[in-house]
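A.B. asks: Have a look at the structure that comes next, please.
The values are calculated or read from the model by the stated rules, or taken from the named source; none is laboratory data. All figures in this text were calculated on a predicted structure; none of them were measured in a lab. Backbone-built Cβ (ideal geometry, glycine too); neighbour counts: all protein chains shown.
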Amino acid sequence: MNINPRRTPLIAGNWKMNLDHLQAIAFVQKLAWNLKDSRHDVAAVEVAVFPPFTDLRSVQTLISADKLPLAFGAQDVSAHDSGAYTGEISGAFLAQLECQYVIIGHSERRTLHNESDEQVASKVTAALKHNLVPVICVGESTEDLAVHGPSAVPVAQLRAALAGVTNAVDIVVAYEPVWAIGSGQAATPEQAEQVAAALRGVLSDTLGQDVADKTRILYGGSVKSSNIAAFMREPNVDGALVGGASLDIPEFSSIIRYQKHVGL
Ligand code: PGA
């Protein structure tokens, strides 16, 4: 199990385009009750939710009014601060909504919206400028794996994403193999560890050993309550970015409580 005292594990729920703001309120309330009932220790495992933009104000109000022990963030951010960018959302706006995190470069944005490594890098810079912690997503497709082997594409994507980052920073990296997202076919813990170790090497090269040691590297792609514990046993895996299973409260809270699973 990951016992690095410098890295609090993070279980992050990426809702993608699911749940409107009313559904989000009910969901977050129930999730918080569930975690309270099960006496979840947020100091031991941090929990964050990533709702659609239109839910963020409602989620912020609920979490802050009821002092719920949940972090939250957005699923994307503009590279720009303000101006003629119809449909874009500024990091300044997200910071005003008390978002702590923002997902950047998710594979669905890279493929469905043709987001380039350069755009991802600009968004990372924009997030940091507004004190948002970027959750930088990297991952290879089946073809990438066949042509380049393991690690090569995620490593190149992370190097590119960090192009504009110079000083010691607070970031999260999520390794999400494209073939594992939403497929029910997760990577093996050994595969996740191999890539996570390579990504930590990139962090060490580019930002120094201290940042590499304290940065959380998540695994994502078909994470469930039945496989989370095996990922969390790997020394370089510090949490999970969970899609489908994060929309099911009993399942998500069981993932969050992975330390209680048999065998750990
Ligand atoms: P999944 O999605 O857990 O449904 O595979 C993960 C993600 O896209 O972040």
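A.B. asks: Is it the case that some residue within region 78-85 is surrounded by 14 or more Cβ atoms within 10 Å (Cβ to Cβ), among the aromatic types (Phe, Trp, Tyr) and away from the ligand (no atom under 13 Å from the Cβ)?
C.D. replies: There is no residue in region 78-85 that is surrounded by 14 or more Cβ atoms within 10 Å (Cβ to Cβ), among the aromatic types (Phe, Trp, Tyr) and away from the ligand (no atom under 13 Å from the Cβ).
A.B. asks: Right, another one. Look at region 164-197 and say how many of its residues are more than 11 Å from the ligand (Cβ to nearest atom) and over 17 Å from LEU132 (Cα atoms).
C.D. replies: Of the residues in region 164-197, 10 are more than 11 Å from the ligand (Cβ to nearest atom) and over 17 Å from LEU132 (Cα atoms).
A.B. asks: Is it the case, given these coordinates, that ALA127 is in contact (Cβ under 8 Å) with a residue 12 or more places away in the chain, more than 16 Å from the ligand (Cβ to nearest atom), more than 20 Å from ALA240 (Cβ to Cβ) and part of a helix (DSSP H, G or I)?
C.D. replies: For ALA127, the condition - in contact (Cβ under 8 Å) with a residue 12 or more places away in the chain, more than 16 Å from the ligand (Cβ to nearest atom), more than 20 Å from ALA240 (Cβ to Cβ) and part of a helix (DSSP H, G or I) - is met.
A.B. asks: I'd like to check something: does region 71-87 contain any residue that is modelled with pLDDT under 95 and at positive phi?
C.D. replies: No, region 71-87 contains no residue that is modelled with pLDDT under 95 and at positive phi.
A.B. asks: Quick one: in region 198-223, which of the residues that are touching a residue at least 60 places away in the same chain (Cβ under 8 Å) and within 13 Å of the ligand (Cβ to nearest atom) is farthest from GLU251 (Cα to Cα)?
C.D. replies: LEU218
A.B. asks: Considering each of ARG200, ARG233, ARG257 in turn, give the residue that is under 19 Å from ALA156 (Cα atoms) and of a type in the set (Lys, Arg).
C.D. replies: Result of the check over ARG200, ARG233, ARG257: ARG200.
A.B. asks: Which of the residues spanning region 86-99 are buried (at least 18 other Cβ atoms within 10 Å of the Cβ) and farther than 20 Å from ASN14 by Cβ?
C.D. replies: Listed by number, the list holds a single entry, SER90.
A.B. asks: Do we find a residue being more than 12 Å from the ligand (Cβ to nearest atom), in contact with a helix residue (DSSP H, G or I) (Cβ under 6 Å, 6 or more places away or on another chain), acidic (Asp, Glu) and modelled with pLDDT of 95 or more anywhere in region 229-236?
C.D. replies: Yes.
To keep it simple, each residue is scored yes or no on (1) among the basic types (Lys, Arg); (2) within 22 Å of VAL120 (Cα to Cα); (3) part of a strand (DSSP E or B).
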| residue | (1), (2), (3) |
| --- | --- |
| ILE25 | no, no, no |
| TRP33 | no, no, no |
| ARG57 | yes, no, no |
| SER78 | no, yes, no |
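A.B. asks: For GLU251, indicate whether it is within 11 Å of the ligand (Cβ to nearest atom), of a type in the set (D, E, K, R) and under 18 Å from VAL138 (Cα atoms). Talk me through it step by step, then tell me what you get.
C.D. replies: Details: within 11 Å of the ligand (Cβ to nearest atom): yes; of a type in the set (D, E, K, R): yes; under 18 Å from VAL138 (Cα atoms): no.
No.
A.B. asks: Continuing with the same structure: Name the residues in region 156-181 that are in contact with a strand residue (DSSP E or B) (Cβ under 6 Å, 6 or more places away or on another chain) and free of Cβ contacts under 8 Å to residues at least 60 places away in the same chain, would you?
C.D. replies: If the condition is that a residue be in contact with a strand residue (DSSP E or B) (Cβ under 6 Å, 6 or more places away or on another chain) and free of Cβ contacts under 8 Å to residues at least 60 places away in the same chain, then GLN157, LEU158, ALA161, ASP170, ILE171, VAL173, TYR175 are the ones that fit.
A.B. asks: Being under 27 Å from SER151 (Cα atoms), small (Gly, Ala, Ser) and within 11 Å of the ligand (Cβ to nearest atom): is that true of SER226 here?
C.D. replies: Values: under 27 Å from SER151 (Cα atoms): yes; small (Gly, Ala, Ser): yes; within 11 Å of the ligand (Cβ to nearest atom): no.
Answer is no for this residue.
A.B. asks: Specify which of the listed residues (VAL120, VAL102) is crowded, with 16+ Cβ neighbours inside 10 Å, within 16 Å of the ligand (Cβ to nearest atom) and not in a helix (DSSP H, G or I).
C.D. replies: That would be VAL102, the only listed residue that is crowded, with 16+ Cβ neighbours inside 10 Å, within 16 Å of the ligand (Cβ to nearest atom) and not in a helix (DSSP H, G or I).
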